[in-house]
1. Out of curiosity, is Asn163 free of Cβ contacts under 8 Å to residues at least 40 places away in the same chain, more than 21 Å from Gly37 (Cα to Cα) and surrounded by fewer than 18 Cβ atoms within 10 Å (Cβ to Cβ)?
2. For the stretch 208-232, what are the residues that are touching a strand residue (DSSP E or B) at 6+ places or on another chain (Cβ under 9 Å) and in a loop (DSSP other than H, G, I, E, B)?
3. I need the full set of residues from the stretch 234-252 which are modelled with pLDDT under 95 and of a type in the set (A, V, I, L, M, F, W, C), in order please.
4. With the condition being under 16 Å from the mean Cα position of the chain (by Cα) and in contact (Cβ under 8 Å) with a residue 12 or more places away in the chain, I'd like the helices (runs of 4 or more DSSP H) fully within the stretch 17-92 carrying at least 1 qualifying residues.
5. Tally up the residues in the stretch 1-33 that are in contact with a strand residue (DSSP E or B) (Cβ under 9 Å, 6 or more places away or on another chain) and either hydroxyl-bearing (Ser, Thr, Tyr) or surrounded by fewer than 10 Cβ atoms within 10 Å (Cβ to Cβ) (or both), please.
6. Could you tell me whether the stretch 194-215 includes any residue that is in contact with a helix residue (DSSP H, G or I) (Cβ under 7 Å, 6 or more places away or on another chain), within 30 Å of Glu72 (Cα to Cα) and crowded, with 18+ Cβ neighbours inside 10 Å?
7. If we keep just the residues of the stretch 72-95 that are in contact with a Ser or Thr (Cβ under 7 Å, 6 or more places away or on another chain) and among the hydrophobic types (A, V, I, L, M, F, W, C), which is modelled with the highest pLDDT?
8. Mind checking which residues of the stretch 223-252 are without any contact (Cβ under 8 Å) to a residue 24 or more places away in the chain, surrounded by 13 or more Cβ atoms within 10 Å (Cβ to Cβ) and in contact with a Phe, Trp or Tyr (Cβ under 8 Å, 6 or more places away or on another chain)?
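The values are calculated or read from the model by the stated rules, or taken from the named source; none is laboratory data. In this text the structure is predicted, and so the values were computed from the model without any measurement. Neighbour counts are summed over all protein chains in view; Cβ atoms, including those assigned to glycine, are modelled from backbone coordinates with ideal geometry.
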Amino acid sequence: MQVKQYKLFKSKIMDVEAQNKDLKLLKLPSIMKLTHGIHVMMPAHNDYSNVLVSSANVDAPALVSAVVSAIELALRGIHGEGARTMILMNVLPLGCAPSFLGFALTNPTLQKDKDSCIASYNAVVDLHNAELKKMVESLRTELSWNGLVLFDLNAIYMDAVRNPSKYAVTKPLAACCGAGGNEYNINLAIPCGKSGTVNGTTVTAGRCSDPSQYISWDGLHPTESFAEHIASAMLKGEFTYPSFSLKEACKP
């Protein structure tokens, strides 16, 4: 889908350029600026989320192989359209995400690891991230794609879980926006911003008083403050493979 949208966007720009219309007035980049821009992809989270919560027995190697192959196909497509600088994010530790921890409360067979995260979920994610890195290394070599860079979203998330004070976080395993009722502030039947009935009482999943104390906004997505930490790390070239400074890449 991302590749399809990219091709469609590029096609529309080419149509505008062919008609000699003012790209700046339309707030569109030129084809040159588009292909020479910084591209960012954050794939696979939904692929794993949907499977992990719906199936007790996951064929991890087969699942990971299918997902990584799909990402590789997408990368080849984007590269074929002229994109030369691509930051690809790996998958965050889903076993530490509040939504999955909340799900585990009703599934006692899901064991926790030393970080109080769901071990089996993180094992699948770790396998994905390892295979993703191998694929990136292979594509960099095959396509001479030096601008293909892996951003280790998993590592910065785990760093915040293990060293929350470093990020001014006090509740690393809880969601800011939720319906409460447990330590993770998660009610799977009442997602962020929605209302529902709990024991005959209407409950609304609202935001916390200080989102900056949380990693997770709604159980999966980061809070604005943690997203700033992610962006800052990316700008500085931290948690990247190979070493890459977005700040330097953005210089004219």
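1. Details: free of Cβ contacts under 8 Å to residues at least 40 places away in the same chain: yes; more than 21 Å from Gly37 (Cα to Cα): yes; surrounded by fewer than 18 Cβ atoms within 10 Å (Cβ to Cβ): yes.
The answer is yes for Asn163.
2. Cys208, Trp217, Asp218, Gly219, Leu220, Thr223
3. Met234, Leu235, Phe244, Leu246, Ala249, Cys250
4. On the way: elements: 31-35, 45-54, 60-80.
It comes to 45-54, 60-80.
5. Residues of the stretch 1-33 that are in contact with a strand residue (DSSP E or B) (Cβ under 9 Å, 6 or more places away or on another chain), as a first pass: 2, 6.
So of that shortlist, the ones also either hydroxyl-bearing (Ser, Thr, Tyr) or surrounded by fewer than 10 Cβ atoms within 10 Å (Cβ to Cβ) (or both) come out as 6.
Final tally of qualifying residues: 1.
6. There is at least one residue in the stretch 194-215 that is in contact with a helix residue (DSSP H, G or I) (Cβ under 7 Å, 6 or more places away or on another chain), within 30 Å of Glu72 (Cα to Cα) and crowded, with 18+ Cβ neighbours inside 10 Å.
7. Leu94
8. Gly237, the sole residue that qualifies.
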